[in-house]
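Engineer: Questions regarding the structure given below will be posed in turn.
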Amino acid sequence: MAYGCSTAPKKPLTEKPAPQKQEVQKPVSTPAVSTTITPSVSEEERLKEIFQRIHFNFDKYNLTHIDKWGINQDVPKVLDGIADYMAKHPNIKIKIEGNCDERGTEAYNLALGQKRADAAKNYLVMHGISPDRIETLSNGKLKPVDPAHNEYAWAKNRNDQFVIL
């Protein structure tokens, strides 16, 4: 007996034609229109952030970190930002207004406010800003930020305000 495979006729293999290249036209590009709006900070807001008030401890005019009565501020860092901005913008002149809380006599607070303004001016001068570009003024206790009569208000009122001239 012979073993063998069936010899049924096989279907011929049909060759598939090679795929043809098709040209795909790219759509004409149009400028993309953004549907999202990125908020931009106005120059005024940016300057407010740079020239923010700096704060002081009770009966002090030294420039140090404050973390008391709801105020957490690195005063030298704020002044560094002001000095940096003024160095890049030599036409900017400022007035520093020294302020105090309501405690103490008018004469004492005027003197303390002046010491606070002068301390900030001296810091900026030591960091390369010409003293001719900085005016100082003491308001004493005449311009409180917060009119309340408590530690939180007094802490806010012990400050230097920077006014761009």
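Engineer: Anything in segment 68-82 that is within 13 Å of the chain's Cα centre (by Cα) and among the basic types (Lys, Arg)? List them, or say none.
Structural biologist: LYS77
Engineer: Then there's this: Of the conditions (1) closer than 17 Å to LEU63 by Cα; (2) of a type in the set (Asp, Glu); (3) in contact with a helix residue (DSSP H, G or I) (Cβ under 8 Å, 6 or more places away or on another chain), ASP118 clears all except one; give me its number.
Structural biologist: Only one criterion is unmet by ASP118, namely (3).
Engineer: Suppose we keep only residues that are more than 20 Å from ASN139 (Cβ to Cβ) and in contact with a strand residue (DSSP E or B) (Cβ under 8 Å, 6 or more places away or on another chain) within segment 77-96. Which one would you say is surrounded by the most Cβ atoms within 10 Å (Cβ to Cβ)?
Structural biologist: MET86
Engineer: Continuing with the same structure: Given the conditions (1) under 23 Å from GLU49 (Cα atoms); (2) surrounded by 15 or more Cβ atoms within 10 Å (Cβ to Cβ), and given that ASP146 satisfies all but one, which numbered condition is not satisfied?
Structural biologist: Going through (1) under 23 Å from GLU49 (Cα atoms); (2) surrounded by 15 or more Cβ atoms within 10 Å (Cβ to Cβ) one by one, ASP146 breaks only (2).
Engineer: If I go through segment 63-76 residue by residue, how many of them are under 13 Å from ALA120 (Cβ atoms) and open to solvent by 30 Å² or more (accessible area, probe 1.4 Å)?
Structural biologist: Result for segment 63-76: 3.
Engineer: Sort through GLY104, GLY140 and tell me the only one that's touching an Asp or Glu at 6+ places or on another chain (Cβ under 9 Å), open to solvent by less than 50 Å² (accessible area, probe 1.4 Å) and at pLDDT below 95. Walk me through how you get there before you give the answer.
Structural biologist: Details: GLY140 fails: at pLDDT below 95.
When all the criteria are applied, what remains is GLY104.
Engineer: Quick one: which helices (runs of 4 or more DSSP H) sit completely within segment 58-165 and have at least 3 residues that are farther than 22 Å from GLU43 by Cα and among the hydrophobic types (A, V, I, L, M, F, W, C)?
Structural biologist: Fully inside segment 58-165 and qualifying: 106-126, 151-157.
The values are calculated or read from the model by the stated rules, or taken from the named source; none is laboratory data. Keep in mind the model is a prediction, meaning the values are calculated, not measured. With ideal geometry, Cβ positions are generated from the backbone for all residues, glycine too; neighbour counts draw on all protein chains shown. To get the accessible areas, we keep the full protein, side chains included, count just its heavy atoms, and leave off ligands, DNA and RNA. Shrake-Rupley method; radii C 1.70, N 1.55, O 1.52, S 1.80 Å.
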